[in-house]
Structure formats: C-alpha cells, structure tokens
Amino acid sequence: MKIELLPVLNDNYIFILIDELKSEAAVIDPAEAKPVIQFLETNNLKLTHIFNTHHHADHIGGNKKLCEFYKNVKVYAGEKDSGRIGKQDFFLKHGDKINFADEIANIYYVPGHTLGHICYHFLLKNGESHLFIGDTIFSGGCGKIFEGTFEQMFSSLSFIRDSVPDNTFVWCSHEYTLENYLILECLEPQNLNIKAKIQNIISLREKNLPTIPCLMSEEKILNSLLRWDDPNLRKTLSTKSSLETFIAVRKFRDSPPKVKYPF
C-alpha cells in the first residue's frame, strides 16, 4: 500500500492510499473532488473507497462529486455521523476492522473535536504503522473541542498516546505545525526541544515541504497537549492532575498570544 499526500484549500491535506497491484485507490477526507480526480486520472487509478474521519465540510466536501464520477465507490465513516455524511455506506464503530490493498486498519472512536470522530490505524505487513487521525491530533496540537468535552478529548488522546506504537506515522489533516509550535514555545519558552523543532519546521516550510506525517514518538516528547504528565509542564501551569494540565494547555491554545512568523 502506497500513500500520497495532496495539499488543498489553505492548509488541508487529502491522503490517497494506492493498491498498486489492482491499480485501485482509497481517499481519506477528500475536501475537494477535482484534485483527487486529477491525481487518479494521471496515475490511471480507480477510486473504490472513501474513508471519512468526521463530518466537517473540509473533510467531506468532495464526497458527492467523487461518488458521481466513480459509480461504485463505497463511503466509510463513523456510526455516530449517520445522517451527517452524504452517500455513507458503512457505519463504523470502535474496534471495527476494514481492509484495503490487502492491509487491515483498526477503527478507533475518538470523540472530542466532534462527537462522531473516528480514525483509521493501518498496521502494515511490513511493520509500518500509519494513523489517519483527521483533526484529533496535529503535530504540536490537537483539534478544537467543537462538539465534545475536554474530558472526551483527553480520553481520546490518552487512548491514542498509550495504544499506538511509537513508530507510528501520524497523518493529520492540516498543516498547522509551525503555528502550533510557535505558540507552544510561548507557553514553554525554556523548552529547548521545542525550539529545535521550530527550526526543523522552518527548514521544511521554506522549501514548501509538508511537516506531515509526524512521528508519534516525537509528538510524545514535544507536543504539550500530549505531555500532561510532564512535571516541568505541570510546574509551569501550576496544575496537579493530568486532566487539569491538558485543559490548561488546550485553553492556552484557544486564546493564544500573537506570534511572529519567520517568513
């Protein structure tokens, strides 16, 4: 199974999974149809699956046209998004498994950003681990809590942090990485790891290269929204519990200071 990344809109990513043996493809969170169709036509691929993580327009905006263009495509999304995602054929719940390109993905229910949010975790036969997380985790961040609660998001992040392997490539749906880490630097100005990460991000973005996917092992070390048990972070925030620390960081991110962009 091959993975391709398509940048669309202002900062979205669409992910294309390719079954090279069958010349078939699956698309994850198609914000738009046109760039997907262009990519598939250029590479002589047939679309057979659409995998949605949640119902927001910048994740399902291309569904309708793709289903019209590829008559036999099947749409997969969470069971709690029933009625909110057009053309949905499969209603997935936590613990389900799906198959594409002779590879298996585990389905995780991760509410918080929305109440129906799911993610797709492919553990490939070659040992690679790929997590298509939608808007639940970003590099240096996590999704805004629109429909769920702080407690739900904390529970979802705790599950992901503790369940997926450290070598997991995390494919999040937005290029927010530089902004996220510049804001985290304001929260933790003495954190040398974050400062080094920012320089790495700048180097990539100056070349117009994506920062996605990120590695779970690195996010555990750097991402303040996943480091709720870090004693230094708790000291900075004057918090005592993991949940309290997470909420404090999320609230800081919700009302961030102005940051200066390097370019």
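Some notes on this structure:
- Among residues of the stretch 30-49 that are more than 15 Å from Leu17 (Cβ to Cβ), those with a beta-carbon under 6 Å from a residue that is outside any strand (DSSP E or B) and of a type in the set (A, V, I, L, M) at least six positions away or on a different chain give the pairs Ala31/Leu9; Ala33/Leu66.
- Output for the stretch 45-80, where each listed residue is in contact with a His (Cβ under 9 Å, 6 or more places away or on another chain) and among the aromatic types (Phe, Trp, Tyr): Tyr76
- One residue stands out in the stretch 137-154 among those that are free of Cβ contacts under 8 Å to residues at least 40 places away in the same chain and not hydrophobic (A, V, I, L, M, F, W, C): the one that is surrounded by the most Cβ atoms within 10 Å (Cβ to Cβ), namely Gly143.
- Ala26 vs. criteria of a type in the set (Gly, Ala, Ser) and either outside the structural domain of Glu147 (by TED's automatic domain parsing) or within 13 Å of Gly134 (Cα to Cα) (or both): no
- Here is the figure for the stretch 105-115: residues that are buried (at least 22 other Cβ atoms within 10 Å of the Cβ) and in contact with a strand residue (DSSP E or B) (Cβ under 6 Å, 6 or more places away or on another chain) total 3.
- Hits in the stretch 125-151 - residues which are in contact with a strand residue (DSSP E or B) (Cβ under 8 Å, 6 or more places away or on another chain), part of a loop (DSSP other than H, G, I, E, B) and of a type in the set (Gly, Ala, Ser): Ser139, Gly143
- Of residues in the stretch 234-260 being more than 23 Å from the chain's Cα centre (by Cα) and either assigned by TED's automatic domain parsing to the domain that holds Ser158 or assigned to a loop (DSSP other than H, G, I, E, B) (or both), the one farthest from Phe150 (Cα to Cα): Lys260
- Set side by side, the residues Asp58, Asp11, Asp102, Asp96 differ, and just one is buried (at least 16 other Cβ atoms within 10 Å of the Cβ) and either of a type in the set (Phe, Trp, Tyr) or touching a residue at least 24 places away in the same chain (Cβ under 8 Å) (or both), which is Asp58.
- Selection status of Gly141, in contact with a Phe, Trp or Tyr (Cβ under 7 Å, 6 or more places away or on another chain) and either over 26 Å from Ser242 (Cα atoms) or assigned by TED's automatic domain parsing to the domain that holds Tyr76 (or both): yes
The values are calculated or read from the model by the stated rules, or taken from the named source; none is laboratory data. Treat the numbers as computed from the prediction; the structure is a model and nothing was measured. With ideal geometry, Cβ positions are generated from the backbone for all residues, glycine too; neighbour counts draw on all protein chains shown.
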